[in-house]
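Chemist: Handing you this structure, nothing more for now.
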Amino acid sequence: MIAILKKEIHEFLDSLIAYVVIGIFLIGMGLLMWVFPETNVLDYGYSSMETLFSLAPYVFMFLVPAITMKSFAEEKRNGTIELLYTLPFKEIDIVGGKFLAGFFLVLFSILPTLVYYFSLSYLGNPVGNIDTAGIIGSYIGLILLGGIFTSIGVMASALTGNQIVSFILAAFLCFFFYTGFESLASINVWSDTSAIIREIGILAHYEVLSKGLIDFSKVVYLISLTVLFLYVTKLVLNLQKG
């Protein structure tokens with residue numbers, strides 16, 4: 001797994017696309033946080049990073065698929081997937097290595113946003129007047145969400161040999177699992193089961209964490225969903241391997 005991880009990170013860092021998508025994410029979130037009038041934290045009147053944690057998931061729906069779309073699709077296009085199978089790696093090592101590499105880049109893109117925290121802390125009145133504990137909890141939620149989206153992206157890449165198809169499929173699945181069940185639950189035909197349908201989706205769980213509330217059941221749900229998508233990826237590789 002470590003060998004796959006090192007190989008993937010090296011390829012990512014040698015690729016322009018990694019820097020482009022991360023740069024776009026940081027520029028986009030910077031504009032949303034500090035420039036655009038409807039989301040500008042300077043207009044809130046208090047130190048809050050709510051803009052970041054409420055809007056970042058939607059940016060992640062495009063950022064993460066762009067990072068992961070080449071995970072397996074590129075291997076298939078170049079015909080190196082068969083070579084990968086001949087090496088002394090188990091499917092779990094291959095899937096885990098590619099997932100961790102993508103997740104590393106997601107973490108790498110989140111890290112610079114800590115500048116927003118220190119900036120808001122300095123701008124607070126008095127200086128340091130910011131809910132640090134709540135922000136830490138919100139970051140945990142965002143990191144776990146990044147893990148889910150990365151696992152979805154790796155799975156989508158395993159399903160196809162075309163990077164564009166992989167990107168579109170991953171973006172759709174990220175959107176559906178994040179907000180789809182919320183939308184389904186809002187349809188007035190489910191009666192008492194609408195709450196259950198809502199709880200299946202990611203949004204209901206992420207919203208709690210994004211407010212800085214560390215609910216163990218929500219954390220377990222997000223981690224379990226990540227593991228589930230990685231397991232499905234492993235099954236897909238087994239089927240394709242024959």
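Throughout, read-outs are computed from the coordinates displayed, never taken from laboratory work. It should be emphasised that the depicted structure is a prediction, and the values quoted were computed from it without experimental measurement. Every residue, glycine as well, gets a Cβ built from its backbone with ideal geometry; the counts of neighbours run over all protein chains shown.
Chemist: Could you sort out which of Lys6/Lys76; Lys76/Lys234; Lys90/Lys218; Lys70/Lys211; Lys6/Lys70; Lys98/Lys218 sit more than 23 Å apart by Cα distance in this structure? Write out the running numbers ahead of the final one.
Modeler: Working: Lys6/Lys76 19 Å; Lys76/Lys234 15 Å; Lys90/Lys218 30 Å; Lys70/Lys211 33 Å; Lys6/Lys70 15 Å; Lys98/Lys218 25 Å.
Over 23 Å Cα-Cα: Lys90/Lys218; Lys70/Lys211; Lys98/Lys218.
Chemist: Can you tell which of Asn125, Asn188, Asn162 shows the greatest fluctuation in a Gaussian network model of the chain with Cα springs below 10 Å?
Modeler: Asn188
Chemist: Further, regarding this structure: Could you quote the convex hull projected area for the chain, Cα atoms only and averaged over all directions, in nm²?
Modeler: Averaging across all directions leaves 14.8 nm² for the Cα convex hull.
Chemist: State to the nearest 20 debye the size of the charge dipole of the chain about its Cα centre, where the only charges are +1 on K and R beta carbons and -1 on D and E beta carbons.
Modeler: Values: 12 positive and 17 negative charges, 123 e Å.
Taking the Cα centre of the chain as origin, the dipole is about 600 debye.
Chemist: Can you compute the helix-only [θ] at 222 nm over the chain? Use -39500 (n - 2.57) per DSSP H run of at least 4 residues, normalise by all residues, nearest 500 deg cm²/dmol.
Modeler: Working: 13 runs with 180 residues, N = 242.
Result for the chain, helices only: -24000 deg cm²/dmol.
Chemist: Helix 50-68 sits at what angle to the longest principal axis of the chain, using alpha carbons and giving 0 to 90 degrees rounded to 10?
Modeler: 10 degrees
Chemist: Still on this structure, please answer the following. Calculate one ³J(HN,Hα) per residue across region 168-181 by plugging θ = phi - 60° into the Karplus curve 6.51 cos²θ - 1.76 cosθ + 1.60, and present them in order as whole Hz with x for glycine and proline.
Modeler: My calculation for region 168-181 gives 5, 4, 5, 4, 5, 5, 4, 5, 5, 6, 7, 10, x, 5 Hz in order.
Chemist: Starting from the Cα gyration tensor of region 164-213, take the square roots of the eigenvalues, sort them a ≥ b ≥ c, and report rounded, prolate or oblate (rounded when a/c is under 1.5, otherwise prolate if a/b is larger than b/c, else oblate). Walk me through the numbers on the way to the answer.
Modeler: On the way: a/c = 3.71, a/b = 1.34, b/c = 2.77.
It comes out oblate by the Cα gyration axes.
Chemist: Using a 10 Å cut-off on Cβ atoms, rank the peptides 149-155, 225-231 from the highest mean neighbour count down.
Modeler: Working: 149-155: 29.7, 225-231: 17.9.
Top to bottom by mean Cβ count within 10 Å: 149-155, 225-231.
Chemist: Relative to the longest principal Cα axis of the chain, at what angle does helix 216-241 sit, 0 to 90 degrees, rounded to 10?
Modeler: Its long axis makes an angle of about 20 degrees.
Chemist: Specify the inter-centroid distance of region 1-43 and region 131-200, based on alpha-carbon positions, in whole Å.
Modeler: So the separation of the two Cα centres works out to 19 Å.
Chemist: Once both axes come from the Cα atoms, what is the angle between helix 91-110 and the longest principal axis of the chain, in degrees from 0 to 90, rounded to 10?
Modeler: 30 degrees
Chemist: Let me have the relative contact order for region 2-241, percent, based on Cα pairs under 8 Å that are six or more residues apart.
Modeler: Details: 288 pairs, mean separation 60.9, N = 240.
Relative contact order for region 2-241 comes out at 25 percent.
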